[in-house]
1. Name the residue that is surrounded by the fewest Cβ atoms within 10 Å (Cβ to Cβ), counting only residues in segment C:14-41 that are within 13 Å of chain B (Cβ to nearest Cβ) and either touching a residue at least 24 places away in the same chain (Cβ under 8 Å) or small (Gly, Ala, Ser) (or both).
2. Would you pick out the residues in segment C:43-71 that are within 13 Å of another protein chain (Cβ to nearest Cβ) and touching a Leu at 6+ places or on another chain (Cβ under 6 Å)?
3. Within segment C:78-114, can you find the residues that are under 18 Å from the mean Cα position of the chain (by Cα), at the interface with another protein chain (Cβ under 8 Å from one of its Cβ atoms) and among the small types (Gly, Ala, Ser)?
4. Can you list the helices (runs of 4 or more DSSP H) found entirely within segment A:1-97 that contain at least 3 residues being modelled with pLDDT under 85?
5. In segment B:134-183, what residues are loosely packed, with under 14 Cβ neighbours inside 10 Å and small (Gly, Ala, Ser)?
6. Can you pull out every residue in segment A:193-209 that is surrounded by fewer than 23 Cβ atoms within 10 Å (Cβ to Cβ) and either closer than 19 Å to A:Val221 by Cβ or more than 7 Å from every other protein chain (Cβ to nearest Cβ) (or both)?
7. Can you tell me which of C:Val66, C:Val117 is within 20 Å of C:Leu174 (Cα to Cα) and either in contact with a helix residue (DSSP H, G or I) (Cβ under 8 Å, 6 or more places away or on another chain) or surrounded by fewer than 18 Cβ atoms within 10 Å (Cβ to Cβ) (or both)?
8. Scan segment B:29-42 and give yes if some residue there is on the phi > 0 side of the Ramachandran plot and not in a helix (DSSP H, G or I), otherwise no.
Amino acid sequence: MKHYHPQLCLLAALAASLGVSLCSGNLDEYYLDILLNIGINIILAVSLNLVNGYTGQFSLGHAAFMAVGAYGSSIVTLQMGKALLVVFGGAGWVAEGATFCIALIIGASCAALLGWLVGMPSLRLRGDYLAIVTLGFNEIIRVVLTNTAGDGPFGGALGLKSIEPYTNFFWVFAVAAIAIYSISMLVRSTYGRGFLAVRDDEIAAGSMGIPVVRYKVIAFVIGAFYAGLAGGLFAHLRTTIAPDGFNFLKSVDVVVMVILGGMGSTVGVVVAAVVLTVLNEFLRDFEQYRMIVFALILIIMMIVRPQGLLPAGFSWKGNRRA
Amino acid sequence: MEQFIQQLLNGLFLGSIYALIALGYTMVYGVLRFINFAHGDIFMLGAYTGLYLSKALSPLLAVLPWPFGIALVLLLSMLLCAGLGIAIEFLAYRPLRDKPRLNVLITAIGVSLLIEYTAQLFFGATQRPFPTLIPAGNVGGIGALNVTQTQLIVLITALALMFGLRQVVMNTRMGLAMRALSLNPTASALMGVNNSVVISFTFGLGSALAAAGGILYASLYPSIEPFMGILPGLKAFVAAVLGGIGNIPGAALGGLIIGITETLVAGYSQNIGIPSGYRDAVAFVILILILLFKPSGLLGKVEREKV
Amino acid sequence: MSATLKLDNVTIQFGGLRAVGDLSFIVNPGELIGLIGPNGAGKTTVFNLITGVYQPTVGSIEFGCVSVPGHRPHQITRLGIARTFQNIRLFASLSVFDNVRAARIMHLQHGITHALVRGPAFRDEETTLRYEILDLLDIFKLRDQADTPCKSLCYGDQRRLEIIRALATRPKLLLLDEPAAGMNPTEKEELMHLIRFIRDKFQIGILLVEHDMKVVMGICERIVVLEYGIKIAEGTPDEIQRDPKVIAAYLGSEAKKEEPLDA
């Protein structure tokens with residue numbers, strides 16, 4: 001039984017999410033909103049950590065995949081929502097849940113596909129070039145979305161409105177739990193050690209038989225998939241999305257979480273996601289100072305403690321067990 | 001046909017400004033092997049220092065003939081921003097001299113955001129009009145072609161600065177030191193070059209050019225705001241990569257190509273059937289194409305990693 | 001499957017510089033061959049050619065019956081060629097155990113899905129792997145340090161770890177790039193024993209690049225000598241030591257026969 005320790009933890013987390021979700025009617029709207037944002041940011045940070053932290057590929061375009069997931073899932077629920085509800089037996093939480101689930105997966109799959117298309121050619125590039133390409137890609141997605149027809153399915157510069165508020169505590173934290181579980185378990189396995197090897201020394205990794213580019217692309221695609229899920233959850237929480245919400249600054253937000261948490265430390269980035277989401281809330285009234293604070297965090301972290309607040313410690317503690 | 005040549009000319013003027021900014025990127029990359037993300041924001045600060053300098057010096061500017069006026073504003077602004085660039089290098093990048101390149105890149109992003117949002121705090125987010133340092137007026141043209149005085153001065157100034165840079169890089173000892181450092185930092189240090197001084201100088205020089213670019217840009221499009229440096233900065237970076245990062249003539253060439261292509265795409269967007277909002281995406285498409293097919297750039301050389 | 005390495009008229013040009021010119025030699029299965037030459041002779045370039053980091057401009061490289069050029073480095077490792085590096089390239093953030101573990105990825109039966117579901121098949125494979133790696137570390141007396149960060153090892157142990165890691169890929173041919181660099185005389189003696197031991201126990205061919213003549217002459221069956229990228233001699237240690245061209249290339253090989261002062 002002890003062999004299934006991680007899986008049991010995951011099931012417990014899922015059950016807990018469901019439990020809290022059912023009681024969440026009693027929670028203050030405001031605090032619930034913050035919690036959900038924390039959860040979404042955890043998903044974003046943990047998924048970017050796989051790419052930037054564990055595999056050492058500097059991606060600055062995570063928000064683009066979030067956008068694809070957000071738009072993808074929203075278009076599904078907006079255009080096909082009613083039809084899907086009927087398929088699953090009319091109104092009621094089963095039908096809604098199933099519809100939402102399908103919409104999320106479609107959105108995330110589109111994001112993953114895009115991640116594959118972008119990753120395949122770009123991940124052969126050097127670190128700083130990859131950063132610029134992902135940044136450029138982020139911009140391209142934003143420009144493309146902004147220039148779509150205002151009355152078409154993408155909504156143009158004003159985006160989409162009246163998205164069904166399907167997101168609740170269960171969905172957000174179930175996905176977050178799955179993200180944390182899958183990524184940390186993956187990295188711990190022998191197969192997953194390949195990501196770290198690629199990060200530490202690509203040439204040595206290749207010489208040890210590790211297909212370097214394939215690993216980078218896999219990390220990128222998984223990261224994009226989860227970012228897409230986060231985007232879908234985000235869209236159905238806010239109920240309104242616009243291209244400008246997924247710009248470079250949003251990508252930087254997630255990068256700051258990964259850097260603060262320690263590139264390559266799942267625990268660290270989760271903590272960082274919580275801290276920074278809360279910080280964002282406090283600074284909401286001081287929007288002008290928020291970015292200055294974030295920028296200073298970046299600069300000071302890099303100079304003083306580049307390994308992050310809670311750097312990866314598990315590499316050499318009991319890692320013999322997969 | 002005339003419209004085509006007009007667009008070409010417009011692109012030329014824009015491209016010469018991109019070239020000025022691109023030169024800074026490429027020089028810093030040459031000596032430090034990293035992309036100074038914050039470079040585009042020096043461009044913005046150049047425009048703002050130009051604004052405040054012309055306000056502060058307005059009595060003086062009123063009596064001077066306008067060429068001297070703009071030259072004065074330009075020079076002072078360049079000096080100020082050179083100092084700023086040197087300070088940034090010293091405070092934010094120098095402590096990371098031996099660290100992985102990615103760390104410095106992240107710091108540069110931080111510096112860039114810091115400059116932008118502090119500028120927003122101090123200067124306000126709204127667009128400000130840039131004073132007319134060059135009197136309006138056409139230099140005339142052929143038929144329907146039109147070149148304004150401003151455009152001509154922008155082009156001439158940009159070319160003069162690029163020529164000046166070439167003189168510095170090719171014919172001075174400091175320029176020689178820069179070239180040596182970019183080829184082999186260890187050897188240059190052993191040959192008596194004070195690497196730190198050369199790096200500071202390079203930053204100062206690049207920042208001065210960016211500041212000049214800012215003032216020239218603001219003269220062409222006289223409305224400035226704290227985030228005006230982002231897009232031109234990124235496009236200039238693409239220009240530097242296009243020409244071959246680390247290659248100075250390449251940066252100039254890249255700037256011109258990007259400027260002309262962007263203007264042509266924007267001008268003919270109706271004909272191609274794409275919304276004119278796509279003009280900003282042109283540079284990125286060029287970037288992706290170049291990195292896919294010739295990552296070392298048009299004039300650059302391939303760098304091999306020693307195994 | 002024959003594990004013979006065959007270089008035939010291999011040339012590589014970097015722009016105007018010909019780093020290796022018209023090089024031909026063979027390493028038969030189980031042989032211990034030395035590759036020597038003055039600095040800049042192109043020895044590491046030859047390694048890079050064999051392992052796919054560089055592609056030859058002219059000529060062919062065959063391992064078994066497979067043509068090496070055109071394959072990526074990780075594919076060449078899967079063919080059975082492993083290497084160590086001139087400057088140690090361990091996976092710095094990983095432990096001793098994990099460095100070796102990373103080298104076993106190419107032999108894994110399980111992929112991503114198994115790593116996520118973690119069923120019985122996955123656990124069995126991971127457990128078997130764990131014992132294999134510990135046994136391997138045991139042979140080289142690093143088992144007790146399995147969980148230490150590889151950066152904490154002393155230099156000699158790090159070099160040994162690099163060799164162990166290369167062996168974990170189950171190669172048929174092992175390329176060692178200056179394994180004795182930076183070692184004191186005692187460590188070099190141990191290294192010589194170690195290399196012979198590896199060849200005998202694992203039944204693999206070894207191609208060795210080394211500057212230390214004592215080590216090379218002491219263990220190699222055959223030696224290939226390069227100068228400016230060209231092979232100037234090939235033969236047994238005795239033949240090489242007496243070859244006038246080799247002596248001329250080293251300009252005073254009398255001094256080289258003593259213990260060289262390592263930089």
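1. Ranking the qualifying residues of segment C:14-41, first place goes to C:Gly16.
2. Those that are within 13 Å of another protein chain (Cβ to nearest Cβ) and touching a Leu at 6+ places or on another chain (Cβ under 6 Å): C:Lys43, C:Phe47.
3. Once the filter is applied, which keeps residues that are under 18 Å from the mean Cα position of the chain (by Cα), at the interface with another protein chain (Cβ under 8 Å from one of its Cβ atoms) and among the small types (Gly, Ala, Ser), segment C:78-114 yields C:Ala82, C:Ala102, C:Ala103.
4. Counting at least 3 such residues, we get A:5-23, A:62-87.
5. Residues satisfying the conditions are B:Ala136, B:Gly137, B:Gly140, B:Gly143, B:Ala144, B:Ala160, B:Gly164.
6. Scanning segment A:193-209 gives a single hit, A:Glu202.
7. Of the residues listed, the single one that is within 20 Å of C:Leu174 (Cα to Cα) and either in contact with a helix residue (DSSP H, G or I) (Cβ under 8 Å, 6 or more places away or on another chain) or surrounded by fewer than 18 Cβ atoms within 10 Å (Cβ to Cβ) (or both) is C:Val66.
8. Yes: one or more hits.
The values are calculated or read from the model by the stated rules, or taken from the named source; none is laboratory data. Computed from a predicted model, the values in this text were never measured in an experiment. All Cβ positions, glycine included, derive from the backbone under ideal geometry; neighbour counts span all protein chains shown.
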